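**Student:** Mind looking over this structure? Questions follow.
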Amino acid sequence: MKILLVVLLCICLDPLIQAQDNPGFINIDCGADNATGSHVGISYETDEGFIHSGQKGKVSPEYNNQTSLQLRTLRSFPDGKRNCYTLRPNQGSSNRYLIRASFFYGNHDGLSQTPIFGLYIDVKYWTTVAWNDTVDEVVYTISRDYVYVCLVNKGSGIPYISALELRILDNYTYNTMSLAVEKIWRLNVDVLSSIQHSYFFPFSHF
């Protein structure tokens, strides 16, 4: 019986160990005061070391039981037209990465009006964020040791972001693509969904 319990414990802990030890992962819980975790074993750090502008915020309390922990906090940017996160993957330049940005409005500003703003990688346009609850992903080849993920104010509300992630891709993944920025898909999920449902980990590293 004790042996069985040990085996089960190892199985449960394995995804967490993989997530924490995998140098190709960057997981940011934007606006959080402390590191957080998810039910699939991914550990999220705060965004303090990735950006030096913006304000921490929280969604309206009625949404707390309807969404994942990482979507309950956010960082908004009332000042400046362009505010950027700086991501520095351990693998450095000349590699392809999957970059995922998650947004959950949650009426955090009490205005009941979803803002519309631009999302860029370095100086390249990524997408326009205009939904209450959305996840956007791209594949991007980094030419330096770092990459900027930028939120740009278009005059239609204050930009915000809930979570930001980066995964390295192997040389054989999406090897037929040639563009610098490649949109994979866009997922718009309702407020009852969790961003964790869109994650393939631990079954896939991206």
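The values are calculated or read from the model by the stated rules, or taken from the named source; none is laboratory data. No experiment lies behind these values; they were computed from the predicted model shown. Note that we place each Cβ from the backbone using ideal geometry, even for glycine, and neighbour counts take in every protein chain shown.
**Student:** Within the group Thr86, Thr73, Thr128, which residue is within 14 Å of Cys30 (Cβ to Cβ), surrounded by fewer than 15 Cβ atoms within 10 Å (Cβ to Cβ) and among the β-branched types (Val, Ile, Thr)?
**Tutor:** Values: Thr73 fails: surrounded by fewer than 15 Cβ atoms within 10 Å (Cβ to Cβ); Thr128 fails: within 14 Å of Cys30 (Cβ to Cβ).
Residue meeting the stated conditions: Thr86.
**Student:** Could you check Lys81 against (1) modelled with pLDDT under 95; (2) more than 17 Å from the chain's Cα centre (by Cα); (3) closer than 18 Å to Val149 by Cβ; (4) not hydroxyl-bearing (Ser, Thr, Tyr) and say which number it fails?
**Tutor:** Here Lys81 meets the rest and fails (1).
**Student:** State all residues of region 115-125 that are over 13 Å from the mean Cα position of the chain (by Cα) and crowded, with 17+ Cβ neighbours inside 10 Å; if no residue qualifies, say none.
**Tutor:** Our first condition is that a residue be over 13 Å from the mean Cα position of the chain (by Cα); within region 115-125, this holds for 115-118, 120-125.
Within region 115-125, Pro115, Phe117, Gly118, Tyr120, Ile121, Asp122 qualify.
**Student:** A follow-up question, please. Which one of these is crowded, with 21+ Cβ neighbours inside 10 Å, at pLDDT 95 or above and within 15 Å of Glu165 (Cα to Cα): Ile142, Ile42, Ile99?
**Tutor:** Values: Ile142 fails: at pLDDT 95 or above; Ile42 fails: at pLDDT 95 or above.
Answer to the selection: Ile99.
**Student:** Would you mind telling me which numbered condition in (1) in contact (Cβ under 8 Å) with a residue 40 or more places away in the chain; (2) more than 16 Å from the chain's Cα centre (by Cα) Ser112 fails?
**Tutor:** (1)
Condition check ((1) surrounded by 12 or more Cβ atoms within 10 Å (Cβ to Cβ); (2) at pLDDT 95 or above) across all residues:
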position: Tyr148; (1), (2): yes, yes
position: Tyr160; (1), (2): yes, yes
position: Leu164; (1), (2): yes, yes
position: Thr176; (1), (2): no, no
position: Asn188; (1), (2): yes, no
position: Val191; (1), (2): yes, no
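**Student:** Does region 45-62 include one or more residues that are surrounded by fewer than 19 Cβ atoms within 10 Å (Cβ to Cβ), under 12 Å from the mean Cα position of the chain (by Cα) and farther than 12 Å from Ser162 by Cβ?
**Tutor:** Kept after step one, since they are surrounded by fewer than 19 Cβ atoms within 10 Å (Cβ to Cβ), are these residues of region 45-62: 45-46, 48-50, 52-53, 55-58, 60-62.
Those still in the list that are under 12 Å from the mean Cα position of the chain (by Cα) too: 45-46.
Keeping just the survivors that are farther than 12 Å from Ser162 by Cβ gives 45-46.
Scanning region 45-62 turns up at least one residue that is surrounded by fewer than 19 Cβ atoms within 10 Å (Cβ to Cβ), under 12 Å from the mean Cα position of the chain (by Cα) and farther than 12 Å from Ser162 by Cβ.
**Student:** Then there's this: Could you give every pair whose Cβ atoms fall below 9 Å, whose first residue belongs to region 131-153 and is farther than 18 Å from Ile28 by Cβ, and whose second residue is of a type in the set (A, V, I, L, M) and part of a strand (DSSP E or B), counting only separations of at least 6 or pairs across chains?
**Tutor:** Val139/Leu98; Val139/Ile99; Val139/Val181; Val139/Ile184; Thr141/Val181; Val152/Leu119
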